[in-house]
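> Got a structure for you, written out below as structure tokens; questions coming shortly.
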Amino acid sequence: MASKTAPQPPPSLVGGVLVGVLGLQGDFREHIQKLESLGVTTRDVRRTSDLDGLDALILPGGESTAVAILESSKAAHGIFDEIQKLGRAGLPIWGTCMGSILLAKDIEGSKQGRLSLMNITVRRNAFGPQRFSAEQPLDIPALGAKPFPGVFIRAPLITHVGKDVEVLGKVENGIVMAREKNLLATVFHPEVVDDTRVHEYFLKMIE
Ligand code: GLN
């Protein structure tokens, strides 16, 4: 008889791994749910002390200018500096959509606050003023042969990468997924689709 229980995550991904999700603004809850469905312990990160003891950190989608402003609030004060230090020390950090903007060293035409950790240039709202999300199957060989459902919501594109940055996925006008050592950027939203392969890819970066 077929079992009705949910598919179990691979054992190597569970047990003792603590992944933080920056919860200042944006769709952090979706990432937390996705990680918990994979058996991972999570923490909603809102202040500097929440970064203690993390094995990895996710910067979710949202509004990058709003997060840069919230970062200067009393409770979150200094959190970008601390994330920067951890990223430079090798903590696995994954930015989705807005998170990829925060990770970038260069944001075309903008001086807004950022972490400047990853040697990439991003163009904000590169798909124009999308009011609704667009979905497009993406060819990402590192995830296997099956296309990944790419959901784009007022998404940026990565328009340039520096040395040591591995391009993992592209569309016609630019790069949609890239990795630089312990840092991962996706301009689409894997947390809102059923496919867990990008989350699993990131969890493997902890090992
Ligand atoms: N357009 C947003 C920004 O520039 C990013 C959108 C998103 O994260 N879904 O910050």
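> Do we have Arg131 as assigned to a loop (DSSP other than H, G, I, E, B), at pLDDT below 95 and within 20 Å of Asn173 (Cβ to Cβ) here?
yes
> Can you tell me how many residues within the stretch 71-86 are part of a helix (DSSP H, G or I) and within 16 Å of the ligand (Cβ to nearest atom)?
The qualifying residues number 1.
> Give the stretch 112-138 a look and list any residue that's among the aliphatic types (A, V, I, L, M), crowded, with 17+ Cβ neighbours inside 10 Å and either without any contact (Cβ under 8 Å) to a residue 60 or more places away in the chain or within 12 Å of the ligand (Cβ to nearest atom) (or both), or say none.
Of everything in the stretch 112-138, those that are among the aliphatic types (A, V, I, L, M), crowded, with 17+ Cβ neighbours inside 10 Å and either without any contact (Cβ under 8 Å) to a residue 60 or more places away in the chain or within 12 Å of the ligand (Cβ to nearest atom) (or both) turn out to be Leu115, Val122, Ala126, Leu138.
> Next up: For the stretch 100-111, enumerate the residues that are in contact with a Gly (Cβ under 7 Å, 6 or more places away or on another chain) and either assigned to a strand (DSSP E or B) or within 9 Å of the ligand (Cβ to nearest atom) (or both).
Residue satisfying the conditions is Leu102 alone.
> Can you pull out the residues in the stretch 47-70 that are part of a strand (DSSP E or B) and either free of Cβ contacts under 8 Å to residues at least 60 places away in the same chain or within 13 Å of the ligand (Cβ to nearest atom) (or both)?
Leu57, Ile58, Leu59, listed by residue number.
> Hey, can you tell me all the residues within the stretch 179-206 that are in a strand (DSSP E or B), aliphatic (A, V, I, L, M) and away from the ligand (no atom under 16 Å from the Cβ)?
Hit for the stretch 179-206 is Leu183, nothing else.
> Can you pull out the residues in the stretch 154-174 that are surrounded by 21 or more Cβ atoms within 10 Å (Cβ to Cβ) and either assigned to a loop (DSSP other than H, G, I, E, B) or within 16 Å of the ligand (Cβ to nearest atom) (or both)?
Ala155, Pro156, Leu157, Ile158
> Working carefully through the options Gly95, Gly90, find the one that is in a loop (DSSP other than H, G, I, E, B), within 20 Å of Gly162 (Cβ to Cβ), touching a residue at least 60 places away in the same chain (Cβ under 8 Å) and within 17 Å of the chain's Cα centre (by Cα).
Gly90
> Within the stretch 176-207, track down each residue that is hydrophobic (A, V, I, L, M, F, W, C) and closer than 14 Å to Gly95 by Cα.
Val176, Met177, Ala178, Leu183, Leu184, Ala185, Val187, Phe188, Val198, Phe202, Leu203, Met205 - these are the residues of the stretch 176-207 that are hydrophobic (A, V, I, L, M, F, W, C) and closer than 14 Å to Gly95 by Cα.
The values are calculated or read from the model by the stated rules, or taken from the named source; none is laboratory data. This one's a predicted model, so the numbers in the text were calculated from it and none came from an experiment. Here Cβ is always computed from backbone atoms with ideal geometry, including for glycine, and neighbour counts include all displayed protein chains.
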